[in-house]
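Notes for the one structure printed next.
The values are calculated or read from the model by the stated rules, or taken from the named source; none is laboratory data. Everything numeric here is computed off the predicted structure, so don't read it as measured data. Cβ atoms come from the backbone with ideal geometry, glycine included; neighbour counts cover every protein chain shown. SASA here: full protein model, heavy atoms, side chains in, ligands and nucleic acids out. Shrake-Rupley method; radii C 1.70, N 1.55, O 1.52, S 1.80 Å.
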Amino acid sequence: METRTALVTGAAQGLGHEFAVALAGHGYRVAGLDLVPQPETAGKVLDYLELTADVTDETQVRQALERVIDRFGTLHILVNNAGVYPSAAFEETTPDEWRRVMRVNLEAPFLVTQAVLPHLRAAGWGRIVNITSAAVLTAPPTMVPYVTSKMGLIGFTRALASALGPCDITVNAIAPSMVRTATAERTVGADGGFEHVRAQQAVPRTQLPSDLVSTLLYVIDEGSGFLTGQTLNVSGGSAYL
Ligand SMILES: NC(=O)c1ccc[n+]([C@@H]2O[C@H](COP(=O)([O-])OP(=O)(O)OC[C@H]3O[C@@H](n4cnc5c(N)ncnc54)[C@H](O)[C@@H]3O)[C@@H](O)[C@H]2O)c1
């Protein structure tokens, strides 16, 4: 079988880093795109293609895609993982901040997917995975833009799955609960955030990035071609979900 090639956005750290390393470990060729350099990921992945670009910038995204094709000749899998999750009172959310969250979390998956799509079509097979969040259901009051953007990403997932079903390209979303990453520790995890989320779960521990890998591998598997348009909650059996 042909070796599949994957592009992971936001691959410098956190979930994206975990996904890139795990995909390489399972025999996929991997390109990772991020705003910042990715020494930790590049150090762990053989033949890694490190792309520095802003997912909200159409030109940068297209240039990055050209480098993927130059290097690997093809592309099969896209993981739209790059995201931001600021926490603030709704009244203090400026229009600029609202637009920033929408651009990174919702518009960028559109831009990157459009740039990637011709290559998936050419390959005649594809898997698109969007990283949304269980916060769409727990709906924290200080994350109105975030929840809105991630709920939008679920709509994007469902409608795009309808559009691409005939092309053997599936589109699914994965919704983690709160995951212990450096950014989450610094922001939403501060002031007992992890403890609060853990108390709602059937599995009484904090989710780790590695807890999401098996779901990603399942969704992109050759045998998962009939699984599309779905959001898979990986939330330790949260009472909310
Ligand atoms: N950590 C959690 O608790 C959690 C829970 C549910 C969903 N998620 C989602 O998972 C994804 C990853 O979360 P994380 O905790 O690993 O975050 P993180 O901050 O550790 O990593 C995100 C990466 O995305 C990159 N990025 C941000 N904006 C970018 C841009 N404009 N262009 C290119 N790269 C950009 C950052 O540089 C960073 O390397 C996000 O979409 C987040 O919303 C996280």
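Can you pull out the strands (runs of 3 or more DSSP E) entirely within region 1-91 that have at least 2 residues that are surrounded by 14 or more Cβ atoms within 10 Å (Cβ to Cβ) and without any contact (Cβ under 8 Å) to a residue 40 or more places away in the chain?
Values: elements: 5-9, 29-34, 49-52, 77-80.
By residue number, 29-34, 49-52.
Could you list all residues from region 176-203 that are more than 8 Å from the ligand (Cβ to nearest atom) and either of a type in the set (S, T, N, Q) or buried (at least 17 other Cβ atoms within 10 Å of the Cβ) (or both)? Spell out how you get there, then give the answer.
The first filter runs over region 176-203 and keeps only residues more than 8 Å from the ligand (Cβ to nearest atom), leaving 185-187, 190-203.
Selection gives THR187, GLY193, PHE194, VAL197, ARG198, GLN200, GLN201.
Might you check whether a residue that is surrounded by fewer than 23 Cβ atoms within 10 Å (Cβ to Cβ), outside any loop (DSSP other than H, G, I, E, B) and at pLDDT below 95 occurs anywhere in region 138-157?
Yes; the residues of region 138-157 include at least one that is surrounded by fewer than 23 Cβ atoms within 10 Å (Cβ to Cβ), outside any loop (DSSP other than H, G, I, E, B) and at pLDDT below 95.
Between residues in region 98-123 that are under 15 Å from ASN80 (Cα atoms) and residues that are in a helix (DSSP H, G or I) and of a type in the set (Lys, Arg), which pairs lie under 7 Å by C-beta distance while being six or more apart or on different chains?
As it stands, the answer is ASN105/LYS150; ALA115/ARG62, since those pairs meet every condition given.
Just need a number here: residues in region 204-230 that are at pLDDT 95 or above and open to solvent by 50 Å² or more (accessible area, probe 1.4 Å).
Kept after step one, since they are at pLDDT 95 or above, are these residues of region 204-230: 205-230.
Next, from what is left, pick out any that are open to solvent by 50 Å² or more (accessible area, probe 1.4 Å): 205, 208, 210, 214, 218, 221-223, 226, 230.
Count: 10.
Return yes when GLY237 is over 15 Å from the mean Cα position of the chain (by Cα), open to solvent by 20 Å² or more (accessible area, probe 1.4 Å) and either modelled with pLDDT of 95 or more or on the phi < 0 side of the Ramachandran plot (or both) and no when it is not. I'd like the intermediate steps shown before the answer.
Values: over 15 Å from the mean Cα position of the chain (by Cα): yes; open to solvent by 20 Å² or more (accessible area, probe 1.4 Å): yes; either modelled with pLDDT of 95 or more or on the phi < 0 side of the Ramachandran plot (or both): no.
Here the answer is no, as GLY237 does not meet what is asked.
If you scan region 118-130, which residues turn out to be under 15 Å from the mean Cα position of the chain (by Cα) and open to solvent by 10 Å² or more (accessible area, probe 1.4 Å)?
Here is the first cut: in region 118-130, the ones under 15 Å from the mean Cα position of the chain (by Cα) are 127-130.
The answer is none; no residue qualifies.
Among the residues of region 165-175, write down those that are free of Cβ contacts under 8 Å to residues at least 60 places away in the same chain, open to solvent by less than 10 Å² (accessible area, probe 1.4 Å) and either assigned to a helix (DSSP H, G or I) or within 15 Å of the ligand (Cβ to nearest atom) (or both).
Taking region 165-175 and keeping what is free of Cβ contacts under 8 Å to residues at least 60 places away in the same chain, we get 166-171, 173.
Filter again for open to solvent by less than 10 Å² (accessible area, probe 1.4 Å), leaving 169-171, 173.
Selection gives ALA173 alone.
Taking into account only those residues within region 92-117 that are among the polar types (S, T, N, Q) and more than 15 Å from the ligand (Cβ to nearest atom), which is most open to solvent (accessible area, probe 1.4 Å)? Outline the logic, then answer.
Restricting attention to region 92-117, the residues satisfying the condition of being among the polar types (S, T, N, Q) are 93-94, 105, 113-114.
When the remaining residues are screened for being more than 15 Å from the ligand (Cβ to nearest atom), the result is 93-94, 114.
Details: THR93: 32, THR94: 70, GLN114: 95 Å².
Going through the qualifying residues, I end up with GLN114.
Give me the pairs: first residue in region 134-148 and under 13 Å from PRO86 (Cβ atoms), second residue away from the ligand (no atom under 12 Å from the Cβ) and of a type in the set (Ser, Thr, Tyr), beta-carbon distance under 9 Å, and six or more apart or on different chains, which are they?
Listed by first residue and then by second, the contacts come to VAL144/THR93; PRO145/THR93.
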